[in-house]
Amino acid sequence: MDTATATATDIENLLRAEAPQVLGALVRRFGRFDTAEDAVQEALLVASRTWPAEGVPQDPRSWLIRIGYRRMVDLLRSDRARRRREREVGMTELAMGETDRRAGPPQETDDSLTLLLLCCHPALSHASQVALTLRAVGGLTTAEIAHAYGTSETTMGTRISRAKQQLIRAGAHFTAPTAADRPGRMTAAMRVLYLIFNEGYTATTGDELARVDLTGEAIRLTRTLAGTMPDDGEVTGLLALMLLTESRRAARTGDDGGLLPLDEQDRTRWNGDLIREGTELIDRVWNGSGTGPYQLQAAIAALHAAATTPQHTDWPQIAMLYLWLERLTPTPPVRLSRVVAVAQAFGPARGLALLDDLNRRHGLDRDPLTRQRERAVRAHLVQMTGDTAGATTLYREAAALTDNQVERRYLLDEADRLT
């Protein structure tokens, strides 16, 4: 980057990329994640105000670490209620007076993975893991995270603060996980990134179908994770899944902003570069044995991407992959997706029969994760059978169950079109 001509976007991207590295350096030195995260946010704020006018320094990471270190000491000093912290500050300052302990150029190490795994500590709930990851690793502000998840900044700030305190009580340290707990932590980290991407791709609330900031951040963090573990098939599969899914984003809405289902999308608007990259990634790790759920979902997305028209979609193969996926991860969303694939491959009657069976055995129509989409899927299948009156009622029921205004408008339009 030309530090003299860096644009505001260049600076924002640089700060977002450097944030976890700076946080890692401070946590490693002070061992206080909660305070270090606050110090980093203030260092980023100073940079965002200073760099546009004065230019980006030659070594931005060292600059941010230096500012963060000073703020860290100030924060520790101001906490008079905890004398132990006061002693830590004094000892740190004395130690930093020694030649070999003074702040210098940062170590050439990538702390992103260690930081991500710390944010996904098993002591935290999934919601707290997501929020803390977006704040500490992703560099999003508390207000941005709150807006993405349809809550107030105060509520989200409280959640993040509690998550930090939980890490302290759990005795979490900024160290790489042991061989014993690494698989579990990696699974949690991938789940967090998957949840962030899904929330961005179809926002739970709001006037927009998607939140590009969240999908973009999920892809960026997953690229970082994949870069540290290039031979991990599931991490690569997760990245491939995100890229292939994101490739369709521009075609998901029409000129009026309305939702377009997959079979009505203009496929020339799909992003060919993302499709090629995602397909190459899943082809590289796909071997048919030991395949995990993210690889299976990426394979399904690749089959959709390979179809030049809806009629060329290999629905029987997709239905088979969903059955395989359901055996690995028998979740309500996966089961409902299999219903769609079966209906497309073998007709709406088969799809409705499977949906009724899954409702009896697993309650998809009552589960919070699928209750709304079950109505929408059933409405579409009922419409395919020719029962327009029944489909109209179901579309309206589905519309009443979503807080995403774009999705609600689409469902109500479908109902109106049938009356």
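May I ask you to compute the full-extension gain from residue 205 to residue 284, defined as 0.36 nm times their residue separation minus their alpha-carbon distance, rounded to one decimal in nm?
24.8 nm
Please find the FRET efficiency linking residue 54 to residue 78, where r is the Cβ-Cβ separation and R0 is fixed at 35 Å, and quote it to the nearest 0.05.
0.80
Per-residue counts of other Cβ atoms within 10 Å, averaged by peptide: what ranking do you get for 382-393, 248-259, highest first?
Top of the packing list down: 382-393, 248-259.
Expressed as an acute angle from 0 to 90° and rounded to the nearest 10, what is the orientation of the C-alpha long axis of helix 388-400 relative to the principal long axis of the chain?
10
Based solely on its DSSP helices, what 222 nm [θ] is calculated for the chain when runs of n ≥ 4 H residues each add -39,500 (n - 2.57) and the sum is averaged over all residues, nearest 500 deg cm²/dmol?
-22000 deg cm²/dmol
Using R₀ = 60 Å, calculate the FRET efficiency as 1/(1 + (r/R₀)^6) where r is the Cβ-Cβ separation of residue 362 and residue 308; round to 0.05. Could you put the intermediate results ahead of the total?
Working: r = 35 Å, r/R0 = 0.59.
For R0 = 60 Å, the calculated efficiency reads 0.95.
Express the accessible area of region 308-419 per residue in Å², computed with a 1.4 Å probe while the remaining protein chains stay in the model.
Result: 50 Å² per residue.
Going by alpha carbons, how many degrees (0 to 90, nearest 10) lie between the helix axis of 272-285 and the longest principal axis of the chain?
80
Based on C-alpha coordinates, I'd like the Rg and Dmax of region 174-326, in Å.
For region 174-326, the Cα-based Rg and Dmax read 16.1, 52 Å.
Tell me, what % of the accessible area of region 287-419 is carbon and sulfur with a 1.4 angstrom probe? Present the calculation step by step, with values, prior to reporting the outcome.
On the way: 3310 of 6300 Å².
That share works out to 52 percent.
Could you report region 150-264's accessible area per residue, 1.4 Å probe, as an integer in Å²?
Computed with neighbouring chains in place, this is 45 Å² per residue.
Lys/Arg Cβ at +1, Asp/Glu Cβ at -1, dipole of the chain taken about the Cα centre: which of 119, 257, 282 is farthest positive-ward?
The listed residue farthest towards the positive side: 119.
Compute and list, largest first, the equivalent-ellipsoid semi-axes of the chain from the alpha carbon gyration tensor, each √(5λ) rounded to a whole angstrom.
Working: eigenvalues 400, 93, 92 Å².
Its equivalent ellipsoid spans semi-axes of 45, 22, 21 Å.
In region 163-217, what percent of the accessible surface is made up of carbon and sulfur (1.4 Å probe, ligands and nucleic acids excluded)?
C and S atoms contribute 56 percent here.
Among 117-127, 359-369, what's the highest-first ranking by average C-beta atoms within 10 angstrom per residue? Could the numbers behind the result be given before it?
Numbers: 117-127: 19.3, 359-369: 14.2.
By packing density, highest mean first, the sequence is 117-127, 359-369.
For a Förster distance of 45 Å, can you work out the FRET efficiency between the beta-carbons of residue 418 and residue 191, rounded to the nearest 0.05?
The formula returns an efficiency of 0.75 here.
The values are calculated or read from the model by the stated rules, or taken from the named source; none is laboratory data. Keep in mind that this is a model prediction, so the values were computed, not measured. Every residue, glycine among them, receives a Cβ derived from its backbone with ideal geometry; neighbour counts consider all protein chains shown. Accessible surface is based on the protein model in full, side chains and every heavy atom, while ligands, DNA and RNA are left aside. Shrake-Rupley method; radii C 1.70, N 1.55, O 1.52, S 1.80 Å.
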